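Notes for the one structure printed next.
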Amino acid sequence: MDSISPDQLRLAEGLQLLRKNSRKYLDISDPEFGYYASKFKLHHVPKKGFLLQQGEICQFEGFVISGCFRHFTLDASGNEQVLSFAVRDWWTNDIDSFTNQTPAFLSIQALADSEVLMISKQDKESLYDHCPKVERLFRMMTQKALVAMQQRMIREHTLSAKERYQHFIQTYPGIANMVTNIQMASYLGISHEFLSKIRKQIASQS
């Protein structure tokens with residue numbers, strides 16, 4: 001009997017997580033999920049490695065099964081602006097570049113050794129043609145992502161920097177342990193000096 005390689009084992013574990021993720025939105029039969037899952041490939045990304053760099057055309061959607069990624073862009077002065085993060089059980093890509101096949105505004109970089117299941121644009125569109133339920137699944141996931149984006153915009157306009165920091169720490173504790181002060185500050189839209197001040201204030205009150 002052939003032994004199972006570590007990659008095969010990690011792929012199987014990743015697909016189990018993918019199935020649990022899919023069931024948050026709708027039920028997929030075993031044959032439907034088997035066809036859906038067959039389109040994903042396992043990729044290992046070392047710490048500081050890139051899934052995508054600004055200017056490239058995004059050809060994938062990724063489902064994170066371990067590690068952490070940051071999504072950032074460079075402004076005209078070359079400064080990094082962190083837009084979001086993705087950890088285990090989250091999706092990652094540049095949706096504009098992927099959908100319209102235009103150069104990406106985002107770079108996607110691993111903040112730790114990470115693993116991701118990736119599906120190509122061609123395979124995703126093939127799924128739409130042969131498994132309509134998958135198209136509904138991705139539509140529902142896109143709607144959820146848009147809601148999350150809207151909620152973040154509302155927080156940016158209604159909460160103080162301290163409240164935004166506290167919300168982030170409480171909601172995404174796993175990410176908070178992986179990012180640097182500078183990356184966190186960029187995501188919150190404040191200087192890292194001000195972030196340090198907020199942390200000191202919170203620590204003194206505890």
Length added when fully stretched, T142-Q201, from 0.36 nm per residue minus Cα-Cα = 17.5 nm
Environment charge at S107 (Cβ cut-off 11 Å; Lys +1, Arg +1, Asp -1, Glu -1) | -2
How large is the accessible surface per residue of the chain, computed with a 1.4 Å probe and reported in Å² as a whole number?
-> 57 Å²
What FRET efficiency comes out for the pair D75/T102, r = Cβ-Cβ distance, R0 = 22 Å, nearest 0.05?
-> 0.70
Lysines within cross-link reach of K39: Cα-Cα under 27 Å, excluding same-chain residues under 8 positions apart?
-> K20, K24, K47, K48, K121, K124, K133, K144
Förster radius 35 Å - calculated FRET efficiency between Y35 and A112 (Cβ-Cβ, nearest 0.05) | 0.65
Place a +1 charge on the Cβ of each Lys and Arg in segment 71-206 and a -1 charge on the Cβ of each Asp and Glu, then give the dipole magnitude about the Cα centre in debye, rounded to the nearest 20.
-> 600 debye
Pseudo-spin-label distance Q122 to N21, built 7 Å along Cα→Cβ, given in nm, is 2.3 nm
E61, E125, ranked by accessible area, largest first (probe 1.4 Å) = E125, E61
Surface share of carbon and sulfur [accessible, 1.4 angstrom probe, percent] for segment 1-87 | 54 percent
With the 8 Å Cα cutoff and a minimum separation of six or more residues, the chain has a relative contact order in percent of 22 percent
With the dipole of the chain defined by +1 on each Lys or Arg Cβ and -1 on each Asp or Glu Cβ, the option from N79, L195, Q109 whose Cα lies farthest towards the positive pole is L195
Helix 6-23 sits off the longest principal axis of the Cα atoms of the chain, rounded to the nearest 10 on a 0 to 90 degree scale, by 80 degrees
In nanometres, the difference between 0.36 nm per residue of separation and the alpha-carbon distance of N181 and E156 is 7.2 nm
So how tilted is helix 192-205 from the main axis of the chain? Cα-based, degrees 0 to 90, rounded to 10.
-> 80 degrees
What accessible surface, in Å², does a 1.4 Å probe find on L146, ignoring ligands, DNA and RNA and rounding to the nearest 10?
-> 100 Å²
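The values are calculated or read from the model by the stated rules, or taken from the named source; none is laboratory data. Computed from a prediction, not measured in an experiment: that's the story for all the values here. Methodologically, a virtual Cβ is constructed for each residue, glycine included, from the backbone with ideal geometry; neighbour enumeration extends over all protein chains shown. SASA here: full protein model, heavy atoms, side chains in, ligands and nucleic acids out. Shrake-Rupley method; radii C 1.70, N 1.55, O 1.52, S 1.80 Å.
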